[in-house]
1. Among the residues in the stretch 298-308, are any more than 23 Å from ILE45 (Cα to Cα), of a type outside the set (Gly, Ala, Ser) and touching a Phe, Trp or Tyr at 6+ places or on another chain (Cβ under 9 Å)?
2. Are there any helices (runs of 4 or more DSSP H) wholly within the stretch 210-308 with 3 or more residues that are surrounded by 14 or more Cβ atoms within 10 Å (Cβ to Cβ) and either hydroxyl-bearing (Ser, Thr, Tyr) or touching a Lys or Arg at 6+ places or on another chain (Cβ under 6 Å) (or both), and if so which?
3. Of all residues in the stretch 1-37, which are among the hydroxyl-bearing types (Ser, Thr, Tyr) and either part of a helix (DSSP H, G or I) or more than 23 Å from ARG118 (Cβ to Cβ) (or both)?
4. Of all residues in the stretch 11-26, how many are buried (at least 20 other Cβ atoms within 10 Å of the Cβ) and over 16 Å from TYR64 (Cβ atoms)?
5. In this structure, does PHE119 turn out to be of a type in the set (Phe, Trp, Tyr) and either within 17 Å of the chain's Cα centre (by Cα) or assigned to a strand (DSSP E or B) (or both)?
6. Can you name the residue in the stretch 168-191 that is outside any loop (DSSP other than H, G, I, E, B) and within 18 Å of the chain's Cα centre (by Cα) and, of all such residues, is nearest to GLY226 (Cα to Cα)?
7. Scan the stretch 110-128 for residues that are of a type in the set (D, E, K, R) and crowded, with 18+ Cβ neighbours inside 10 Å and jot them down.
8. Looking at (1) assigned to a loop (DSSP other than H, G, I, E, B); (2) loosely packed, with under 15 Cβ neighbours inside 10 Å, which one does LEU142 not meet, given that it meets all the others?
Amino acid sequence: MKVFDLHCDTLFKANETGKSVVRNDFEFSMEKAESYESYTQVMAIWIPDEYRKERAFHLAEACYRRLNREVDRQNVFLKADNYAEEKSNYTVILSVEGGAVLSGDIEKVKVLKAMGVRFLTLTWNGSNEIGDGILCDSPKGLTPFGRVLVPELERNNIIIDISHASEPLFYDVAEHTTKPFVATHSNSRRYCQHKRNLTDDQFRIICQSGGIVGLNFHKYFITDSGKVTFLDLQKHLEHFLSLGGENHISLGSDFDGAEMPECIRGVQSIGEFYNYLLSENYNESLLKKIFYDNADHFLTKYDEESME
């Protein structure tokens, strides 16, 4: 089977621990992913909320250098800066989780583009120069810098990710974007009330933009209690499907950056979830969309249209 995962924090964890993204005892490794026919992994550089200014940017640079060294030393996974032209059976795509990396400097967008960053999660849970995250008190939307930033990201082919965004920030982004935007790792608030999850209205707006949403495996985003089975994750999937999401749902595991439930131990559990859904009489063509094709088609189309 083929897998496309829109979010993991393995690169940050590897940088913090000095371990490898190729071989490790983490939830994701390139070595473990080779058990699948094809695997595309979006690797996030997480910028913690306490990282600001040059400290945030230096963290991104360090993770970027580590990823490049490791990709260069093995001959299986390729790093795709332009997915439409460079994707392979085993592909790594770089993202940054936290707009604090820009330090409010619009010129740094071009630096991120040169690094091959394809997704920017505008905030983590707190506030930064772009806007407010989901855990801010009395949150506001895009700052003046944020309103300038949105079209600059689109011009530089960096996809806007609103996972972690406050609701005012989400709606401001929806109003100011001209290209599709995404939630790389967010579930349905209908089945789990955590503020990090999407309302039905937010999910529909992302779909209407042409964007995608990645199902998150963090146990407290699946159920309020954190006691999770595959059935609980299936409920989020079913609800998104009921909202017209067949061509807009993907995976956003959050491996190595979240608390996994007992039913999900790491990369190997993606195949187990696929087989569970097969046993629940899901059509295999639908599952191929969710586990790979939707994200693959989205990013291929995004890049092709940007090259026109």
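Read the figures in this text as sums done on the coordinates, not as results from a lab. These figures come from a predicted structure and were not determined experimentally. Quick reminder, even Gly has a Cβ in these numbers, built from the backbone with ideal geometry, and neighbours come from all protein chains shown.
1. No, every residue in the stretch 298-308 fails to be more than 23 Å from ILE45 (Cα to Cα), of a type outside the set (Gly, Ala, Ser) and touching a Phe, Trp or Tyr at 6+ places or on another chain (Cβ under 9 Å).
2. It comes to 268-279, 294-307.
3. Answer for the stretch 1-37, where residues must be among the hydroxyl-bearing types (Ser, Thr, Tyr) and either part of a helix (DSSP H, G or I) or more than 23 Å from ARG118 (Cβ to Cβ) (or both): THR10, THR17, SER35.
4. 1
5. Numbers: of a type in the set (Phe, Trp, Tyr): yes; either within 17 Å of the chain's Cα centre (by Cα) or assigned to a strand (DSSP E or B) (or both): yes.
Here the answer is yes, as PHE119 does meet what is asked.
6. SER188
7. If the condition is that a residue be of a type in the set (D, E, K, R) and crowded, with 18+ Cβ neighbours inside 10 Å, then ARG118 is the only one that fits.
8. Every condition holds for LEU142 apart from (2).
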